[in-house]
2 protein chains.
Amino acid sequence: MEEKPRVMEMKGRDLMKVMHAYGTNGIITEVEMPLDAAYDWIDVVVGFDDYMKAVTFANELANQDGLLFKEIATVAAPVPHDYFLRHQKFLRREQSVVLLMVAPHAMAPFLSLAELRHAEICYRSDTATDAEKKGLPPVYELTWNHTTLRGLRVEPTITYLQVLYPFPEHVARIERMTKLLGNEVPGHLEFTRFDGNICATGLPIVRFTTEERLDEIIRLHEANGCPIFNPHRYTLEEGGMKKTDAVQLAFKHEADPKGLLNPGKMIAWENPDFDLKSDKVYLFPGMQAAE
Amino acid sequence: MEEKPRVMEMKGRDLMKVMHAYGTNGIITEVEMPLDAAYDWIDVVVGFDDYMKAVTFANELANQDGLLFKEIATVAAPVPHDYFLRHQKFLRREQSVVLLMVAPHAMAPFLSLAELRHAEICYRSDTATDAEKKGLPPVYELTWNHTTLRGLRVEPTITYLQVLYPFPEHVARIERMTKLLGNEVPGHLEFTRFDGNICATGLPIVRFTTEERLDEIIRLHEANGCPIFNPHRYTLEEGGMKKTDAVQLAFKHEADPKGLLNPGKMIAWENPDFDLKSDKVYLFPGMQAAE
């Protein structure tokens, strides 16, 4: 924030100055972005008795260029049955699921492939009766952060992490973490494409016991090549990139010279000498004073 | 063809029986397929003085998930200048090009990236004057098989090949073949996505000298991990997969029991014992008789 606020229009590479900066160096009042074609997406829930079979199937679907999906996620048993209460009637407790939003024109080839892979279609919105659909949330409200939120309503003691399983070893790394952590950290993946390649980001449920064990679970992921974007840290640097974003910092000097915006969020502004490689948690003096 | 022709409707995995079978086991009278959203595609020609820089840039664009292209091709110098006569005025002879069809909403970020990579925009249809556009074919008529056809109008002695540069080593293999064959085989690539991964298929120009040299050029590609789909062979097996397609053959027994359709095209039907691993060219007896 400046003495005299300016309205700035940014596009192209200039967007890097403010993208994912969490309001530390400006206030976004308007966003213009291209939209994609809209389809009458069909919600589908596919069940497997083995979580890695669900993961492998989801990964195969994500790599099928001829099939159009808006959403591909996996959730490990018993989370779907235990936390997706409205969908419980379609699921057995030992079933892990693939959650899908499928374009209508992709349903026929998708079903062919599902049959070939012995995938059980537990629910599909296009043939469900009105009675079956009554009260059901859409599949996208079972995914991303909704998964954890639904879990918290059933078991308030759980928490979660944010994990990247990098291409091309993502399936192997998911398998490794699944074997290592089992039902203490039931898997939840969202399949995405980064720089042209399909990979998976994870929002696994964590059955929380102690801070020390949570830190150990984080260390186990990172030791196995799965970077953690820690949602239990409130600064830009500790949560995400583990380093100063010089472009965002420079723009904060220009657009918020007195550091009034989102104080304590950008360590690089508050304390440029803070060692991001240390295991210490950054504590914003302003937060401490408020205690 | 049967005694009493049947109308069959095929979908899903049944399509494998007839897809890419070149009319050997049926006559397709109607095709139903999903269409994608239409955009007012913008034609762009980007120039580089080094062919591998054009290839690297094209590969980077193809892997940019946020940018929408309908066409990404590269053509090595001096082919664009020498064969694309209508576009010659925009090109220097030493320029290799990237040929693009860009969605309007992708132009701004595409231009940002082009600037960052020092790519020269030789032509763009959205800002070209009417005088500049007069008589110009669209970019898609410079690509795929049009490239060779335009070359043949200028130099009738050339021919071409069809090459696959498999993911993930496609750029390294293109570089190897470019160094190995130089101006005898000027590069032409079409970027595509196979099973989720960006790779490149090639339709390089070949400055033909002898049959023996053409065979040697094919062998050099295959020895360097670049399979050839030989357009100088007329059978299904020799041109493409180098093996019998049992599903297509079985369907021919059902739908064309007397072998009346496209005779000589499917070696598996004519001569099941023909050795596809040999270097011998299959000669259909019917063709020989016609001489």
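The values are calculated or read from the model by the stated rules, or taken from the named source; none is laboratory data. It should be emphasised that the depicted structure is a prediction, and the values quoted were computed from it without experimental measurement. Cβ placement follows ideal geometry from the backbone for every residue including glycine, while neighbour counts extend to all protein chains displayed. Accessible surface is based on the protein model in full, side chains and every heavy atom, while ligands, DNA and RNA are left aside. Shrake-Rupley method; radii C 1.70, N 1.55, O 1.52, S 1.80 Å.
Sort out which residues of the stretch A:26-40 are more than 14 Å from chain B (Cβ to nearest Cβ), surrounded by 10 or more Cβ atoms within 10 Å (Cβ to Cβ) and of a type outside the set (Gly, Ala, Ser), and write them in order of number.
Scanning the stretch A:26-40 gives A:27, A:28.
Confirm whether residue B:43 is open to solvent by 10 Å² or more (accessible area, probe 1.4 Å), within 29 Å of residue B:197 (Cβ to Cβ), at pLDDT below 95 and touching a strand residue (DSSP E or B) at 6+ places or on another chain (Cβ under 7 Å).
No: the conditions fail for residue B:43.
Being under 16 Å from the mean Cα position of the chain (by Cα) and either without any contact (Cβ under 8 Å) to a residue 24 or more places away in the chain or within 16 Å of residue A:53 (Cα to Cα) (or both) is the filter; apply it to the stretch A:171-192 and report the residue that is nearest to the other protein chains (Cβ to nearest Cβ).
A:192
Tell me whether the stretch A:106-123 contains one or more residues that are aromatic (Phe, Trp, Tyr) and either more than 27 Å from residue A:172 (Cβ to Cβ) or without any contact (Cβ under 8 Å) to a residue 24 or more places away in the chain (or both).
Taking every residue of the stretch A:106-123 in turn, at least one turns out to be aromatic (Phe, Trp, Tyr) and either more than 27 Å from residue A:172 (Cβ to Cβ) or without any contact (Cβ under 8 Å) to a residue 24 or more places away in the chain (or both).
Across the stretch B:1-25, which residue is farthest from the other protein chains (Cβ to nearest Cβ) among those that are without any contact (Cβ under 8 Å) to a residue 40 or more places away in the chain and open to solvent by less than 100 Å² (accessible area, probe 1.4 Å)?
Once the filter is applied, the top-ranked residue is B:10.
One residue is enough: does the stretch A:70-88 have a residue meeting the conditions touching a helix residue (DSSP H, G or I) at 6+ places or on another chain (Cβ under 6 Å) and within 14 Å of chain B (Cβ to nearest Cβ)?
yes
Please go through the stretch B:90-123 and give me each residue that is open to solvent by 30 Å² or more (accessible area, probe 1.4 Å), touching a helix residue (DSSP H, G or I) at 6+ places or on another chain (Cβ under 8 Å), away from chain A (no Cβ under 14 Å) and over 20 Å from residue B:186 (Cβ atoms), ordered by number.
The one that is open to solvent by 30 Å² or more (accessible area, probe 1.4 Å), touching a helix residue (DSSP H, G or I) at 6+ places or on another chain (Cβ under 8 Å), away from chain A (no Cβ under 14 Å) and over 20 Å from residue B:186 (Cβ atoms): B:121.
Inspect the stretch A:46-59 for any residue being touching a Ser or Thr at 6+ places or on another chain (Cβ under 8 Å), within 14 Å of chain B (Cβ to nearest Cβ), crowded, with 20+ Cβ neighbours inside 10 Å and over 30 Å from residue A:268 (Cα atoms) and give the result as yes or no.
Yes, the stretch A:46-59 contains a residue that is touching a Ser or Thr at 6+ places or on another chain (Cβ under 8 Å), within 14 Å of chain B (Cβ to nearest Cβ), crowded, with 20+ Cβ neighbours inside 10 Å and over 30 Å from residue A:268 (Cα atoms).
Sort through A:174, A:158 and tell me the only one that's farther than 16 Å from residue A:73 by Cα, at pLDDT 95 or above and buried (at least 16 other Cβ atoms within 10 Å of the Cβ).
A:158
Name the single residue that is least open to solvent (accessible area, probe 1.4 Å) among those in the stretch A:124-144 being without any contact (Cβ under 8 Å) to a residue 40 or more places away in the chain and not charged (D, E, K, R).
A:128
Residues of the stretch A:110-131 being over 15 Å from residue A:97 (Cα atoms) and in contact with a strand residue (DSSP E or B) (Cβ under 8 Å, 6 or more places away or on another chain), which ones?
A:110, A:111, A:125, A:126
Somewhere in the stretch A:43-58, is a residue more than 24 Å from residue A:114 (Cβ to Cβ), among the hydrophobic types (A, V, I, L, M, F, W, C) and over 19 Å from the mean Cα position of the chain (by Cα)?
No, the stretch A:43-58 contains no residue that is more than 24 Å from residue A:114 (Cβ to Cβ), among the hydrophobic types (A, V, I, L, M, F, W, C) and over 19 Å from the mean Cα position of the chain (by Cα).
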